[in-house]
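Data block below; observations after.
The values are calculated or read from the model by the stated rules, or taken from the named source; none is laboratory data. Just so you know, these numbers come straight off a predicted model, no measurement behind them. With ideal geometry, Cβ positions are generated from the backbone for all residues, glycine too; neighbour counts draw on all protein chains shown. Protein only, heavy atoms only, side chains kept; ligands, DNA and RNA dropped before computing areas. Shrake-Rupley method; radii C 1.70, N 1.55, O 1.52, S 1.80 Å.
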Amino acid sequence: HWLLATSKEIGRLAQGLKDVLPGTDTMFFIPHSAKPADRKATYLRIVAEHKPSKPDPYRIRFTAGGDKVEYPGNVSTPTVDISTVKCHLNSVLSTPEAQYMTVDLKDFYLNTPLDRYEYMRIPVTVIPPDIMEQYNLADLVEDGFLMVEIRKGIYGLPQAGILANDLLLIRLAGGGYYPAPHTPGLFLHESRPLSFTLWVDDFGVKYSKKQHVLDLLELLGLYYTMKVDWTGALYLGVTLKWDYIARTVELSMPGYIERALRRFQHPAPVRPQHSPHAWTPPRYGAATQLTDAPDTSPPLIPSGITLLQQIIGVLLYYARLLDSTMLVTLGTLASAQSKGTEATMQAATQLLNYCATHPDATIRFHASGMVLHIHSDASYLSASGARSRLGGYFFLSDNVGDTAPTPNSQPPPFNAPVLVNSAIIQAIMSSAAEAELGALFYNAKDGCMLRNTLLDLGHPQPPTPIQTDNACAAGIANDTVKQKRSKAIDMRFYWVRDRVRAKEFMVYWRRGTDNDADYFTKHHSPTHHRLKRSRYLYIPSVST
């Protein structure tokens, strides 16, 4: 089975497999002497997957070793941000009669002509006998290797993505589609109310008229083989459950955590773990709150560091997309991963136990006025090295008007987040007010990005309300505090004041218990986690 799969992959990349499938002329077998003397040949990397759900479950992919390719041009490919996708989904819900569908382009990198040929050495031991015979390769073997000239895009080449993307943009422009002015990965049409996000070769399409989508599919069908899903049930690995009557969509990734736990060979915990991290109760009434003792546990060996980095990487994608309750823990682990110790791995183990206890997170968006709201908070000296942590909760809701909400006014309808910030402020803050003002600065910067995205989507934005629970920081931002000692605050933080004066943001105070960003600024007790989980995630039995 695997030999046949290998023959199919080589035939597809080369000039076909006799009586089985045609080739794409992506690579050609050549004599070693035909490679230019000034060019280096990279190595072959084989990716094998068994997918029982596919008609042909045995999958072999030939990829080039990109780290050995010396390409002189630009290799950075613009792609859509997760927060842009979430704004786009909200736009579908909040636009009457709008619906959502997805398109997946097959073999996107392939069949893209390279601006210069690349070369790759392939061990003759991985070439099946039928390929050796069909292509008469015996005379081309040198020191146990064959040489191929790569003339079209192949997975692994650093320039394959940007070249395929540039070609796609040219083809889309022929149909009137163009990139949004300020939002990478978002595309609009010159005259139609159709927009889509593009993640490499995956389209998430918002449309109001089916004919507009059919025209897009006709254009793409001229150049690509496509998989079309009119239900829009899967995008970026996220399952989307649409309810166009109630105007809601639920986002989930069933089985993601289960696969991650299996990958890391992590058993189910004996007792349920409801806190993603350890918690030290504060000593109320104590004159001095002592910091945690230095970590003196033995350092991890290199393989342990690698495992820790893999755990962080796998869970971070899931946390950014869905389960934001992990973000504080992941930030703490990430700050310690380069010098990880056994205590760091114990913290990662607790996080995995938390994942095993709460494996399938879901968030739910509902239709709104598409006005951005931000909750901003900071915890002073709560991170290692006398640093502070900021938190930000960004969601779309209704317009509250041009005047700042009062402490007793009715808050806007709550919604799932399009972005959650939880990060350690690298500079050392001299006071709680400076930490809070710093949090306003960083959250407002991300707010500018989201405001531009919403404007590109056709949703005008009034001054964006930013809620903080620090009256001094709010006073500095609003020019209502007469500064004296606080003049020493980092100059860049005063950028918020300028944006408030320009009517781009509207900073207001509300008590900390009403601030949804507080959760992402510090470690909390297991009781608090259990209480707040249904606030940030959709749990049908308790969510309203």
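Couple of notes before you dig in:
- In segment 8-38, the qualifying residues are those that are touching a Gly at 6+ places or on another chain (Cβ under 8 Å), in a helix (DSSP H, G or I) and not small (Gly, Ala, Ser), and the one that is least open to solvent (accessible area, probe 1.4 Å) is Leu13.
- Of all positions in segment 423-431, none carries a residue that is under 23 Å from the mean Cα position of the chain (by Cα), assigned to a loop (DSSP other than H, G, I, E, B) and within 28 Å of Phe196 (Cβ to Cβ).
- Residue check for Phe145: open to solvent by 30 Å² or more (accessible area, probe 1.4 Å), out of contact with any Gly (no Cβ under 6 Å at 6 or more places or on another chain) and at pLDDT 95 or above: yes
- One residue stands out in segment 500-534 among those that are of a type in the set (S, T, N, Q) and under 15 Å from Asn470 (Cα atoms): the one that is most open to solvent (accessible area, probe 1.4 Å), namely Thr513.
- Flag if Ser275 is in a loop (DSSP other than H, G, I, E, B), among the hydroxyl-bearing types (Ser, Thr, Tyr) and at pLDDT 90 or above: yes
- Figure legend. Inter-residue proximity from segment 42-57: first residues of a type outside the set (Gly, Ala, Ser), second residues exposed (fewer than 12 other Cβ atoms within 10 Å of the Cβ) and part of a strand (DSSP E or B), beta-carbon distance below 8 Å, spacing 6+ or different chains. Indicated pairs: Pro57/His50.
Per-residue answers, yes or no, for (1) in contact with a Cys (Cβ under 7 Å, 6 or more places away or on another chain); (2) assigned to a strand (DSSP E or B); (3) open to solvent by 40 Å² or more (accessible area, probe 1.4 Å); (4) not hydrophobic (A, V, I, L, M, F, W, C):
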{"site": "Asn136", "(1), (2), (3), (4)": "no, no, yes, yes"}
{"site": "Ile154", "(1), (2), (3), (4)": "no, no, no, no"}
{"site": "Leu157", "(1), (2), (3), (4)": "no, no, no, no"}
{"site": "Ile162", "(1), (2), (3), (4)": "no, no, no, no"}
{"site": "Ile170", "(1), (2), (3), (4)": "no, no, yes, no"}
{"site": "His182", "(1), (2), (3), (4)": "no, no, yes, yes"}
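- Subset of segment 466-499 that is open to solvent by 80 Å² or more (accessible area, probe 1.4 Å) and part of a helix (DSSP H, G or I) - its residue that is modelled with the highest pLDDT: Asp498
- In a residue-by-residue description of segment 443-456, the property of being open to solvent by 20 Å² or more (accessible area, probe 1.4 Å), acidic (Asp, Glu) and modelled with pLDDT under 90 applies to no position.
- Condition check for Lys522: farther than 16 Å from Gly447 by Cβ and part of a loop (DSSP other than H, G, I, E, B): yes
- Any hit, segment 297-311, residues being out of contact with any Leu (no Cβ under 9 Å at 6 or more places or on another chain), closer than 22 Å to Ile82 by Cα, modelled with pLDDT of 90 or more and among the hydrophobic types (A, V, I, L, M, F, W, C): no
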